[in-house]
1. Would you work out which of B:LEU288, B:SER333, B:VAL319 lies farthest towards the positive end of the dipole of region B:268-351, given +1 charges on the beta-carbon of Lys and Arg and -1 on that of Asp and Glu, about the Cα centre?
2. What's the exposure ranking of B:TRP497, B:TRP96, going from fewest to most Cβ atoms within 10 Å?
3. Over the whole of A:319-330, what's the average partner chain Cβ count within 10 Å per residue? Rounded to a whole number, please.
4. With a point put 7 Å past each Cα toward its Cβ, work out how far B:ARG267 is from B:ASP206 in nm, to one decimal.
5. Using only atoms on other chains, find how many Cβ atoms lie within 10 Å of each Cβ of peptide B:557-569 and report the average.
6. If Lys and Arg each add +1 and Asp and Glu each add -1, what is the summed charge of the other residues whose beta carbon sits under 14 Å from the beta carbon of B:ASN504?
7. Peptides B:40-49, A:231-240: what's the order by average Cβ count within 10 Å, highest mean first?
8. Along its three principal axes, how long is region A:167-256 when you only count alpha carbons? Whole Å, largest extent first please.
Amino acid sequence: MMFTRNLKYRRLMLVAVLGLLMGSCHKKEIGPQSSCDNDVLLLQGELLIACEGLFNSNSASLSVYDIEESEVSNNVFSEVNGSLMGDVFQSISYDNGLYFFVVNNSQKIWVVDSASYQVVDEILLPNRSPRYMVHGENNLSYSSNLSLNPNGEPVYIDVIDKGSMAVIDSINVGVWVEEMIVDGNMLFACGMGASDVVVIDTDSREVVSAVQVGREPVSIVQDGNGDVWVLCTGGFEEELPSLWHIDVETLLAEGKYFTDIGMYPTRLIIDQIGEQLYFLNNGVYKMDVALFEIPVQAFIETGSNDFYGVGVGSDSEVYIGDANGFNGNGTVFRYNALGELITSFDVGTGPSMFYFADN
Amino acid sequence: MRFTFFLLFLFVTCFVNGQVSDTLKTILIVHDRIVRPMVGYSSLELDSSILSDYAYQDISVLLFQKGGMYVKASAPNGLATLSIRGLGASHTQIYWNDIPINSPTLGLSDLSSLPVAFFDRVVVNLGGASLANGSGSLGGSVNLMSDNKVRVGFQFSLGHQYNYVLDASDIVLRHSYRKNLWSFQTRLLKQVAANAYKYVDITQVDMPFEVRGNSSMERFGVMEEIAYRINERNDLNFTFIGLNKDSDIPSVIGVSGTKQYQLDKSRKGMLKWRLTLEELYLELGVALFDDNSEYINENIFLRSEFDVKTRSVFQKMAVKLHKNLILSSKLNSESYNVLSSGFENRVNQNRFSIMGKLDYSRNSLNLIACVRSDWVDGVERGVLPSFGYSFFPDKKKRWKLNGNVSKNHRLPSLNDLYWSVVGNTDLKDEQSFNFENGVAWSKDKVGLKAIYYSSLVDDWIQWRPINGIWRPENVKKVINSGVELGGHWETIEKRDWRADLSINYRWTKSVNIEVDSGDEDLINKQLIYVPKHHFSFGLEMTKGRLRMSYVQGLVSRTFIDAINKRYLPYYAPAELSLKYRIDNGGRTDFGLVINNLYNEDYHIQAGYPMPRRNVGINFKYTM
């Protein structure tokens, strides 16, 4: 009887000790981890790919692609700097040997050395939702912000001094602003929250004009003639999507509308000589700026893919990001100037923007 | 105002007079004899003695620690959802006294909004067992029961817990009074938490410790139960729960300065009449729910809200046709009226369901045949049959074999159907076929069980981007299978010394077997946030007035992307609690709870760190 009781006690203690040991095991990994490793770490690739990551998951990443060698390195930012990049990698811009990586939901802009990808500074933007950054005169840059401001609250474009890497001023534009371009001392900003392209004098830092375009202007580029092109999504079936041409001298705008309110065109880009416009509308569409006609036939059909970003290289090669439903890694398809597939490769989650270092 | 109501109620209850009657026990025994659980199906019941240890927690903590369930949580008091048998939160229906309470807009429940203190029992129905309450719980369901059991006379208890690491204070007050034909019970809850705890910031190069910000929470709740015994066979029950929660929502780590918060208001009332005869049980009831939630993000001036009004009518019946045969039925009708900032117009939906069940039992054999059908806005959504058995092959009934097969479906949520522009009214119901078989052995104070289950889910609904716009679609077919092993050992060495030990292990494989064209990489990949291995271990020891409880969980790595490249590492949080009781006319319990005993840094949801070791001290006075 005593033996049985002791045996029971020992069994009980054994299991208890095992449980305690199991719980006290230490581990090194904390938080999200990735099981994909790079064969090589490319630091000289000509193409930078902003991979948004999944919202609220800190999975933003930078992929770098060597066009000549057709090699890709993923998670370059984290591998070089040893920390996560943040939440929602929105956009890339370049100025004077530095890349500026706007990380939207992390409310910051990483300032990175363009040769080593090492962080040299970070611009913190608390209580902001930064989207895009453009660079103007006098060592100043401008950062746009997402805001739904239903009650007319102020919405700012922040003015950043690149000497101190700090916000020195904010221009209240009143609407959610997406992409921008700078032309001399004029800043053209897509007023996504309205139907205007907001024009700002960067010297006085005041809104000097609002050029009326279609509903939800989202993308803006400047062609080889210096004229501005603006793509409007039309909102969620609120209005037909439209494409607008703006003369930067007169600010006169001419628009053409798409035929189907169910369309949602985005990501307007222009080739490096400023002659051909490209945008996504399920497939990739291409338009000569000299022939202002909205194309009806896709240059590259989407097929079973889910095109999420598009970029055009110096030899008119087209790079398309496929988010793969945000199920994990994205895919980039590389097409030649005729729209024929050359190759494809895996990148981080949600490849949305391409930046060519030879720009 | 809140305490005025409480004092008024105390005043009223003191002046209720009449004759002493104690037929409740008899009614419950008869009720349990006729209204049977789903024999042959898997379920888990956590009774009031277990719930009383978690009175300061929400249901998510209880289900993880005592139910061995996988709970996806973003923070203490933050959004928490339940995954049962490898399926998602929307495949888990939560019921309150048999009435579905999942949000019809989201199709799921936030378990952190359900305080344990307001419930007396929690029943987890796994797989096909959930069909006893309703459809849609492809993984399983949780039934939160308020039993309204009140002792004769006046009862009062007051408990308080303070966690100094989280700066969290929880007060639970319970008062009941029963005299003659009336009984009353009031529960009050007040919780305030700063939740400003330290965590490792993995978004910075040197991984420093930071303090979690924008994560405070304040909640107040009141629950009122009134019962009137008409006679020995009839009784009326009224239950009301009111909850207000005001919570800041912390952002993913690495982000500072985000100001987002949510205000939740919930009012739930239910009136029920029960008739209990020797061979008949009948229950009729109505319920009204009003749930309101408002989310505000001050950074981008985003404000969204929804208001859901639910009217529910239900009927439950069980009749003994023969000494071996019981016929049961259940009818539910829910009418939803929803105003949401995501909808263009107010949305109404009417759901009606009917269930019939036959229980046959003879000697060592129990058989159940059940059939259920649902209608939505008058359109039938298919018939759901299920069949279960249990069998004791030996005379001593030490061995038990049980199993079931069932068909189930889940309706698209109102957000899936009607979200502005992107809602998809062409969505089909998700369909599932479920199978399980198990064996159990028990002798004296030792019990062991093993269950194998498998289910096939078709037309899985998922939101995904199409040309940059997220829309819900029926996209894939998923098969999930698993093994559940459990053991329980209760031993009493001496009169005042007692130990209970329980061990559970779950192995879950939940993979895509059919996907849309272009997504072939996802085939045979484990679904996100479904751990393959989940182990839990509990030890409870009591000696005299002292009780020690140790709970150890171990959740294996969970993938956080669908192609299984990114993952969260395993975590193994442990909880140790001590309780000492003093009887001095009333009863006073003093307690100490240490959560995350080994100071583990871990995330259950990617980018949302959980607290490191934290300690709570509590006391409860019962009169």
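1. B:VAL319
2. Working: B:TRP497 12, B:TRP96 22.
Least to most surrounded, the residues fall as B:TRP497, B:TRP96.
3. Details: counts 0, 0, 0, 1, 3, 9, 14, 6, 13, 12, 6, 0.
Taking the mean over all residues of the peptide, I get 5.
4. Placing both labels 7 Å along Cα→Cβ, they lie 5.5 nm apart.
5. Details: counts 3, 0, 2, 8, 11, 6, 7, 3, 9, 13, 5, 5, 7.
Taking all residues of B:557-569 together, the mean is 6.
6. Values: positive: B:LYS66, B:ARG85, B:LYS449, B:ARG506; negative: B:GLU484, B:ASP500.
Net charge in that neighbourhood comes out at +2.
7. Working: B:40-49: 18.0, A:231-240: 19.9.
Answer by packing, highest mean first, reads A:231-240, B:40-49.
8. Rounded to whole Å, the extents work out to 38, 29, 17 Å.
All of the numbers you see were taken from the coordinates with simple rules; none came from a lab. Remember, predicted model here, so these are calculated numbers, not experimental data. For neighbour counting, all protein chains shown are included, and Cβ atoms are generated from backbone atoms with ideal geometry for every residue, glycine included.
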